[in-house]
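Trainee: Sharing a structure here in structure tokens format.
Each value in this text was obtained by applying a stated rule to the coordinates, not by laboratory testing. Note that the structure is predicted; figures quoted are calculated from it, not measured. Every residue, glycine among them, receives a Cβ derived from its backbone with ideal geometry; neighbour counts consider all protein chains shown.
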Amino acid sequence: MERSYAAELTPGEDVVVKGWVHEVRDLGGIAFVILRDTSGKVQIKLDDSVDEELVERGTSLSRESVVAVEGTVEEEERAPTGIEILPTGLDVLNEAEPELPLDPSGKVDAELPTRLDNRTLDLRKDEVKAIFEIRGEVQDALRKKFRELNATEINTPKIVATATEGGTDLFPISYFEREAFMNQSPQLFKQMMVGSGLERVFEIGPIFRAEEHNTPRHLNEATSIDFESAFVDDDEAMEFCQDVTVSAYERVYEDCQEQLDAIGVDLEVPETPFEYLTYDEAIELANSEGIEHQLEWGDDLTTKAETALGDAIGEHYFVTDWPADAKPFYVMKDDETARAYDMMHPRMELMSGGQREHRVDRLRKEIEAQGLEPEEFEYYLRGFRYGMPPHAGWGLGLERLLATMLDIENVREVVLFPRDRQRLAP
Ligand code: ATP
Ligand code: AMO
């Protein structure tokens, strides 16, 4: 018989359901097995109308064992879902050990490390599974929005010869006889592609950062949503980022209410347009909010400054016109300032981007000014010598987008198998 799902049962049907033993309740004389599958839960009734040997097998099941149950669906208003199954057969497909490292029914809280060590069990909880269903939905929404914007999805190499975002947080690897690195960002490749026939590209893929410290918003392997387009300027690129972000919120709001309820968040789609602050306005506002270490022109926004700004603004916002020295070589500079922009959530930075330097002589000088060897970037500079249009783009962190959207404290919670200083397995 074809498998039926717990959430799709109709009274009177003969069915086979398959799933996990969520709970066994033996009340003496009558017992219930709660079976859980990907769609939900259903109650199996074991009373004296059921074969004795089957009742024996059902009541001795260990929690989280995998079973197949054949039987008839009956209406029962006392059952949690208004129906139950009166079984005629019960096969144990795989028995779970009686001692579980964490409780998938969620009645006993587990620490994050225990949960991450046992992700298989952890994702049997509705509120954890919901995060990853939303993560999948968000990626689908992003792809759809990018396609609406006529961007082509690309895949760039993750094993590379040079740094893009500064040399200190690079992971070196051995590549036959040579040294190579795990890529920190698709930056150089996506820029090369706007000079190709593609013009406008995006990628959703892994980036690797050898961040030394443990923070709730840094991962050593993160997922970057990268966008780059020929013939757009910084203002247009920021607007695209705002629209892409809002499209992710809208999809989750429209299609994931069940998951939001499981997590316990009351999602609000951010209002547009997001506010724009220049860097000068941002440090002035942060200082006026009374942060302990007053910022001077040229300083990066500290975590405390970001928090003060977030509290004052209370919504997503952009910070534009950064000091030139704070930004990488590929961002276009006008004397002291860079045409760079960050998109902030009140809790943290979500995106960095900029208008790019597309003039090869200036780009070569910027590479030198940052103490790097232009020869090492020859493969990249070559693309700028044969017709490179003006262009702009950005990188938006998927985990930060999700953690802020779902009001989750630690970005590790939105990654199936996070990589941090302590964690290399599973
Ligand atoms: P990204 O590194 O991707 O640009 P970010 O949020 O780390 O994102 P930064 O501009 O590097 O942005 O840093 C902003 C502030 O965050 C820093 O001033 C610093 O206070 C804090 N910070 C950044 N990296 C770390 C880290 N690895 N550990 C602790 N604090 C950090
Ligand atoms: P940046 O280094 O600011 O810019 O990264 C862009 C965004 O990626 C996310 N992110 C991270 N998330 C979690 N853990 C990390 N260690 C981590 N590092 C980065 C953040 C951040 O805002 N090439 C530029 C982008 C561009 O200019 O197009 C870049 O990589 O959300």
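Trainee: Note down the relative contact order for the chain as a percent, whole number, built from C-alpha pairs under 8 angstrom at least six residues apart. Walk me through the numbers on the way to the answer.
Mentor: On the way: 802 pairs, mean separation 53.7, N = 426.
Over the chain, the number comes to 13 percent.
Trainee: Then there's this: What does the highest-first list of 25-34, 161-170 look like by mean Cβ count within 10 Å?
Mentor: Packing proxy ranking, top to bottom: 161-170, 25-34.
Trainee: Additional query: Please list, ordered by chain and number, the residues whose modelled amide H lies under 5 Å from the amide H of residue 173; skip anything fewer than 5 residues away on the same chain.
Mentor: Hits under the 5 Å cutoff: 180, 181, 182.
Trainee: If you don't mind, there's one more thing I want to ask. Hey, what number do you get for the chain at 222 nm if only DSSP H runs of n ≥ 4 count, each worth -39500 (n - 2.57), divided across all residues, to the nearest 500?
Mentor: Helix contribution divided over all residues of the chain: -8500 deg cm²/dmol.
Trainee: Here is a follow-up. Run through all the Cα pairs of the chain and give the fraction in each 10 Å bin from 0, expressed as whole percent.
Mentor: Final binned percentages: 4, 18, 24, 21, 14, 10, 7, 2, 0.
Trainee: So, one more: So if each residue of separation counts as 0.36 nm, and I subtract the Cα-Cα distance between residue 78 and residue 129, what length gain in nm does that give? Let's see the in-between values first.
Mentor: On the way: separation 51, 0.36 × 51 = 18.36 nm, distance 2.73 nm.
Extra length from residue 78 to residue 129 when fully extended: 15.6 nm.
Trainee: Based on the alpha-carbon gyration tensor of segment 3-94 and its eigenvalue square roots a ≥ b ≥ c, which shape applies: rounded if a/c is under 1.5, prolate if not and a/b is larger than b/c, or oblate?
Mentor: Taking the square roots of the gyration eigenvalues as a ≥ b ≥ c, segment 3-94 is rounded.
Trainee: Per-residue HN-Hα couplings for segment 402-409, Karplus 6.51 cos²θ - 1.76 cosθ + 1.60 at θ = phi - 60°, whole Hz, x for Gly and Pro?
Mentor: Values, residue by residue: 6, 5, 6, 4, 9, 6, 9, 5 Hz.
Trainee: Return the subset of 41/144; 45/125; 158/333; 18/107; 304/333; 125/304 for which the Cα-Cα distance in this structure is over 30 Å, preserving the input order.
Mentor: 41/144; 125/304
Trainee: Order of 328-341, 46-59 by packing, highest average Cβ count within 10 Å first?
Mentor: 328-341, 46-59
Trainee: In addition: Could you give me the ³J(HN,Hα) list for segment 139-153, computed from phi with Karplus coefficients 6.51, -1.76, 1.60 and θ = phi - 60°, whole Hz, x at Gly and Pro?
Mentor: 5, 5, 5, 5, 4, 5, 5, 4, 5, 4, 7, 6, 8, 9, 6
Trainee: In addition: Residue 276's amide H: which non-local residues (gap 5+, or another chain) put their own amide H closer than 5 Å, with H modeled 1.01 Å from N in plane and none for Pro or chain starts?
Mentor: Placed amide hydrogens put 318 under 5 Å from residue 276.
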